Amino acid sequence: MNRLARASSRVPNFVAAAAPLALGLALGLFPARSARADEGMWTFDNPPIQKLKEVYAFTPDSAWFDHVRLSSVRFMSGGSGSFVSANGLVMTNHHVGLESIQKLSTPEKDLVKNGFYAGAPGSEPKCPDLELNMLVSIDDVTARVTSAIKPDMTGAAANAARKAEIAKIAKEETEKTGLRCDVVTLYRGGEYHLYRYKKFTDIRLVLCPEQETAFYGGDPDNFTFPRYDLDVTFFRVYEDGKPYQPKQFLSWSPEGCKEGDLVFVSGHPGSTGRMNTLAQMDFLRTTQYPRSLKLLTALIVALEKYSARGAEEKRRANDTIFGMSNSHKATTGYLGGLEDPRILARKAEEEKRLKAGLAADAAALAEYQGALDAIAGAYKKLAEYTHRLYWSSLRGDAAGKALQLVRLATELPKPNGERLPEYSDAGLESLKLGLFSTAPIHLDMDEVVLATTLELAQKELGAEDPFIKAALGGKAPAEAAKAAFAGTKLADPEERKKLFEGGKAAIDASTDTLIVLARTVDPILRELRKRFEEDVESVESQNGEKIARARFKAYGKSQPPDATFTLRLSYGVVKGFEQLTARVPWKTTFNGLYEHSASFDNKYPYELPKRWLDKRAALTPQQLDTPFNFVCTTDIIGGNSGSPVIGRDGRLVGIIFDGNIQSLSNRFVYDEVQARAVSVHSAGILMALRNVYEAGPMVDELLGK
């Protein structure tokens, strides 16, 4: 969803690093009721077949699910996509591809501003560090993971044993299959599944529109409808130097969907909090979201000042500001949902109903209540140092890579199962893809980020805080940031490779100023992380299985697990909604786009590029009536950006790019009354490609001609 992806998994790395509290295995409680008709982000091993049959008289077979699964891809930069041709063409959102488009741009050739169309395979530029994943298979490994936990283990020991077993499984499977293998926690600890992915790293840009077209309406229109965005970008996957030939891809529906149609979304929602306890929701409401907004606000202001220095600085900061602004708006929406007394009342009622459902089983009820109490106690402990945990961090691309290098030197000599999870063998190649990327690092912009965040951390923590003393070394924040960048060579990927290959000896001997800073603060950051893992993460892990047992006892698997940035299927209908006293239609059209722009005198952010204005006269009334964007009731969240919208026949009818403002509270509770997913219509995409961008060969490829 436009900007929703960035509110979750597409937040820039140095902002994501500011939020180490992912609520780990936050425990869940939901009412003893069936899911609402269109609710749910379902795993492909447990699709809602019975509900589809009962509500929509549609019973897809295993071949239908396999077709959709193998046609779907995950963008590890944060988002979703799908194969849309037999020749490896992949479609996603422009805003999902924006980071890669930015990295391929130069001051002389700004692809973000002007758009791009390769026209021929030989002119498709390779993205420097983009990874795509296709889900090949799923296995339940719950028994193996839980068997590693012994009855006499403390919570911390059990947590370590669990992580070690997960790392062992992932390594064994990666070595055996050659695939990317991840062990995924589902139902907040109730199940563990092994996901095997075919990994692609030779990804090349084929076509992207201008950003003012892909983000038409700018921030004022973000999370709204009606919309008029051509938020699409096309890449091509290569393997062994040739376009990849997928066994499954989504055939294009030229006519697309219409009002009332049943549609499906296959994508990778980042995270939801529908299984959070009331204690965890209270932490998000009172602590996590407010300080996230404080951080984002400070960074946006600082980077806008940086952008004002000149055209090149503006170009460099474009993608980052875009993501942060979106994250700020989305987080504001999430916070608003948690401040809505109706949502809190509903969550309290759900917890009450689950307890009532367990009333006849005294042991199960006691176990469940004990788990709730343990979680609440863990968050009381967290309150003592949560500010230190949050604000003690090195933020920025180069600073983040410095910390990675320092930690790799310490972690890699350890046995695989004893490392920090992000440095395990199974994920090492993906980590190195980003660490050694040839994409440009703008040290002057990174210095602004580090100075801003250190200044904010100093205000929040005080001058005597251990992290502040170590990071600043007696200097002012801006001075310390300047010193950290004064003698660094980490913008050079060859320098990063040399340090990595030199191991701990090279890191310990390095005089690179960013490495020195990372080396200085790492012990403090590790100490805080260890405390969080022992006080909170281990408690959540230890009690997750207990609450999952209560949930399974009451509901079975009639409810899907929370989102985990793994492939899910949701469904719904193409349908408008009511807002205040007005009815909002299900679609917009090309004619509406031109009228909308004209009503704002074609001024930013409603300004159309020259090529769109030039092509207007040649479009017939029938062409102008082509659907452009549309809404449906499918259940989505950040990470679903770029997900294909699919009809009953398995053909592509659109692509998700946003949700309306009412959909943001879906992070905690689903409501189909007003919440809508917003998509670009398949007919509208063809119209734009053929009649505006003159990309006839691409249209032919999409239509299989």
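Are any of the residues in the stretch 38-56 buried (at least 18 other Cβ atoms within 10 Å of the Cβ), modelled with pLDDT under 95, β-branched (Val, Ile, Thr) and not assigned by TED's automatic domain parsing to the domain that holds residue 399? So far as the stretch 38-56 goes, no, none of its residues is buried (at least 18 other Cβ atoms within 10 Å of the Cβ), modelled with pLDDT under 95, β-branched (Val, Ile, Thr) and not assigned by TED's automatic domain parsing to the domain that holds residue 399. Residues in the stretch 583-608 that are over 30 Å from residue 263 (Cβ atoms) and in contact with a helix residue (DSSP H, G or I) (Cβ under 8 Å, 6 or more places away or on another chain): 602, 604, 607.
In contact (Cβ under 8 Å) with a residue 40 or more places away in the chain, of a type outside the set (Phe, Trp, Tyr) and touching a Lys or Arg at 6+ places or on another chain (Cβ under 7 Å): is that true of residue 417 in this structure? Reasoning before the result, please.
Values: in contact (Cβ under 8 Å) with a residue 40 or more places away in the chain: yes; of a type outside the set (Phe, Trp, Tyr): yes; touching a Lys or Arg at 6+ places or on another chain (Cβ under 7 Å): yes.
Here the answer is yes, as residue 417 does meet what is asked.
Taking the criterion of being farther than 20 Å from residue 213 by Cβ and touching a helix residue (DSSP H, G or I) at 6+ places or on another chain (Cβ under 7 Å), the residues of the stretch 641-658 that qualify are 646, 650, 652, 653.
Tallying residues that are under 24 Å from residue 385 (Cβ atoms) and assigned to a helix (DSSP H, G or I) within the stretch 456-511 yields 15. Take the residues of the stretch 212-243 that are among the hydrophobic types (A, V, I, L, M, F, W, C) and assigned to a strand (DSSP E or B): which is surrounded by the fewest Cβ atoms within 10 Å (Cβ to Cβ)? In this case the residue turns out to be 237.
On the stretch given as the stretch 449-491, residues that are under 27 Å from residue 439 (Cβ atoms), surrounded by fewer than 19 Cβ atoms within 10 Å (Cβ to Cβ) and aliphatic (A, V, I, L, M) total 4. Only one entry in 80, 105 is touching a strand residue (DSSP E or B) at 6+ places or on another chain (Cβ under 8 Å), under 30 Å from residue 696 (Cα atoms) and polar (S, T, N, Q), namely 80. The single condition among (1) buried (at least 18 other Cβ atoms within 10 Å of the Cβ); (2) among the charged types (D, E, K, R); (3) closer than 29 Å to residue 169 by Cα; (4) more than 26 Å from the chain's Cα centre (by Cα) that residue 419 does not satisfy is (4). Of the helices (runs of 4 or more DSSP H) that lie entirely inside the stretch 271-363, those containing 1 or more residues that are under 30 Å from residue 107 (Cα atoms) and among the hydroxyl-bearing types (Ser, Thr, Tyr) span 289-307, 311-338.
The single condition among (1) part of a loop (DSSP other than H, G, I, E, B); (2) touching a residue at least 24 places away in the same chain (Cβ under 8 Å); (3) not basic (Lys, Arg) that residue 602 does not satisfy is (2). Looking at residue 126, is it among the basic types (Lys, Arg) and surrounded by fewer than 18 Cβ atoms within 10 Å (Cβ to Cβ)? So residue 126 fits the description; yes. Looking only at residues in the stretch 673-685 that are out of contact with any Leu (no Cβ under 7 Å at 6 or more places or on another chain) and at pLDDT 95 or above, the one that is farthest from residue 84 (Cα to Cα) is 676.
Farther than 25 Å from residue 427 by Cα and not charged (D, E, K, R) - does that describe any residue in the stretch 68-77? Yes, there is a match, as at least one residue in the stretch 68-77 is farther than 25 Å from residue 427 by Cα and not charged (D, E, K, R). Can you give me the number of residues within the stretch 356-415 that are closer than 20 Å to residue 541 by Cβ, hydroxyl-bearing (Ser, Thr, Tyr) and modelled with pLDDT of 95 or more? Result for the stretch 356-415: 3.
The values are calculated or read from the model by the stated rules, or taken from the named source; none is laboratory data. Computed from a predicted model, the values in this text were never measured in an experiment. In this analysis, Cβ positions are derived from the backbone assuming ideal geometry, glycine residues included, and neighbour counts consider all displayed protein chains.
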